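To start, the structure under review is shown below, and the notes come after it.
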Amino acid sequence: MTLRVAVVGGGPAGSCAAETLAKAGIETYIFERKLDNAKPCGGAIPLCMVSEFDLPPEIIDRRVRNMKMISPSNVEVDIKLDNPDEYIGMCRREILDAFLRNRAADLGAKLINARVLDIKITENGKQPYVITYSDFSEGSNEGKIRTLEVDLIVGADGANSVVAKAIDAGDYNYAIAFQERIRISPDKMEYYKDLAEMYVGDDVSPDFYAWVFPKYDHVAVGTGTMHKNQRMIKQLQAGIRARALPRIEGGEVIKVEAHPIPEHPRPRRVVGRAALVGDAAGYVTKSSGEGIYFAAKSGRMCAEAIVEFAEAGKRIPTEADLKVYIKRWDKQYGLTYKVLDILQNVFYATNATREAFVEMCADRDVQKLTFDSYLYKTVVPANPLTQLKITFKTLGSLLRGNALAP
């Protein structure tokens, strides 16, 4: 028996799943519609991802060691990484995604430039699942209709997942990320050499934050919001452009992008012999809106479970086997998602709470705890005295900002 796995979606989640499967000698297919896809995304990745996923230096456009948190009243708080070896990586998704996808293909995964049109799910025993797709490999815009039979499917096809629909995984709330790539003058670009900015306030987002993130030769300026109204989104984008105007004035917009961002995991992430990973599963964190690392990690963890239970290709993993990946994921990251959900609900609620949030970010203990948690993806336990100190500082900031007023 030759185990056949289809990975639908060639972003970080799908590529890292396919890489793990291919390394284990499993017959793997990656379906990706746009091989030059540049997903609208801040593009920030934690330091641990660079080593954990063996990313070469050229993948990283900028090494950010300084952050500015900017409150609704334009109070600026500088956050610096003291260790010169630590940084937040800024990358362009078209560069990162292509690298991960091509690495999986070099290891033996079969990369298919195609759009998946339909997935036939069979419930009886070990009958194969049938994928119908439009193949663009020969350069045709129309594509050639083909089918492929597989034993397992990994759905890594984003917020509008075809796989999720096929297995009736259920819906989730989603935010919209809207972003403009703006090429600014060299002197203004020098300012953003190793600096990223996060803005909060009703004028830039009523429920999230806006950003200016540096890339190779431009900055990404964007906002995230739960509002779906296009007029509202345009107003919020105008808000962040106005707030950042002194630093981006005279810049040229070279690209405009928008994309849905899931707000919580889907009700079902494994059904039968199909599993969801990345955005398709809903693995974007609240508060920070981070998803790249968690996408790559979930793809790898799902594939590792498949490899483990396939027993060197001697058996087809079952639904129960695939759900082991979900149990492991929730055990490792469930608390992180819950904590960040609470933080977003508390600190992004009003301009008063946002002012308190920015004030709190000025504290070095808070900065260290936050950066350590972000850079290394571990829940870093501060000692009890430090935890108590942070708690009192948080309450103090909220009270000073009248954020706890009735």
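The values are calculated or read from the model by the stated rules, or taken from the named source; none is laboratory data. Quick caveat: nothing in here was measured; it's all calculated off a predicted structure. Counting neighbours? That spans all protein chains shown, and the Cβs are built from the backbone with ideal geometry, glycine included.
Miscellaneous remarks
- Condition check for MET69: at negative phi, in contact with a Cys (Cβ under 6 Å, 6 or more places away or on another chain) and modelled with pLDDT of 90 or more: yes
- Residue count, segment 348-370 (criterion: surrounded by fewer than 20 Cβ atoms within 10 Å (Cβ to Cβ), of a type in the set (Lys, Arg) and modelled with pLDDT of 80 or more): 1
- Scanning segment 32-54 for residues that are among the hydrophobic types (A, V, I, L, M, F, W, C), in contact (Cβ under 8 Å) with a residue 60 or more places away in the chain and not in a loop (DSSP other than H, G, I, E, B) yields ALA44, ILE45, LEU47, CYS48, MET49.
- Within segment 228-268, the set of residues being touching a Ser or Thr at 6+ places or on another chain (Cβ under 9 Å), buried (at least 18 other Cβ atoms within 10 Å of the Cβ) and not aliphatic (A, V, I, L, M) comprises GLN237, GLY239, GLY251, ARG266.
- Per the listing ASP157, ASP151, the residue uniquely in contact with a Gly (Cβ under 8 Å, 6 or more places away or on another chain), buried (at least 22 other Cβ atoms within 10 Å of the Cβ) and either farther than 26 Å from VAL253 by Cβ or without any contact (Cβ under 8 Å) to a residue 24 or more places away in the chain (or both) is ASP157.
- Tally of residues being buried (at least 21 other Cβ atoms within 10 Å of the Cβ) and within 15 Å of the chain's Cα centre (by Cα) across segment 162-178: 4
- Answer from PRO206, PRO214, PRO186 - the residue that is in the same structural domain as ARG63 (by TED's automatic domain parsing), under 23 Å from the mean Cα position of the chain (by Cα) and surrounded by fewer than 23 Cβ atoms within 10 Å (Cβ to Cβ): PRO206
- Those residues of segment 188-237 which are part of a helix (DSSP H, G or I) and of a type in the set (A, V, I, L, M), in sequence order: MET189, MET232, ILE233, LEU236
- Filtering segment 293-333 to residues that are basic (Lys, Arg) and modelled with pLDDT of 95 or more leaves LYS297, ARG300, LYS323, LYS327, ARG328.
- Among the strands (runs of 3 or more DSSP E) confined to segment 68-158, the ones with at least 3 residues that are out of contact with any Phe, Trp or Tyr (no Cβ under 9 Å at 6 or more places or on another chain) and more than 30 Å from GLU27 (Cβ to Cβ) are located at 76-80.
- Helices (runs of 4 or more DSSP H) (entirely within segment 268-358) containing at least 2 residues that are over 21 Å from ILE119 (Cβ atoms): 292-310, 319-347
- Among (1) assigned to a strand (DSSP E or B); (2) at pLDDT 95 or above; (3) farther than 30 Å from ALA274 by Cβ, the one test that ILE240 misses: (1)
- Any hit, segment 17-31, residues being closer than 30 Å to GLY239 by Cβ and either under 15 Å from the mean Cα position of the chain (by Cα) or part of a strand (DSSP E or B) (or both): no
- Residue under evaluation LEU55, criteria (1) of a type in the set (A, V, I, L, M); (2) surrounded by fewer than 23 Cβ atoms within 10 Å (Cβ to Cβ); (3) within 15 Å of PHE213 (Cα to Cα), criterion not met: (3)
- Among (1) in the same structural domain as ARG181 (by TED's automatic domain parsing); (2) touching a helix residue (DSSP H, G or I) at 6+ places or on another chain (Cβ under 6 Å); (3) buried (at least 19 other Cβ atoms within 10 Å of the Cβ) - the single one LEU111 does not satisfy: (1)
- Per the conditions (1) surrounded by 20 or more Cβ atoms within 10 Å (Cβ to Cβ); (2) within 30 Å of VAL219 (Cα to Cα), the sole criterion not satisfied by ARG273 is (2).
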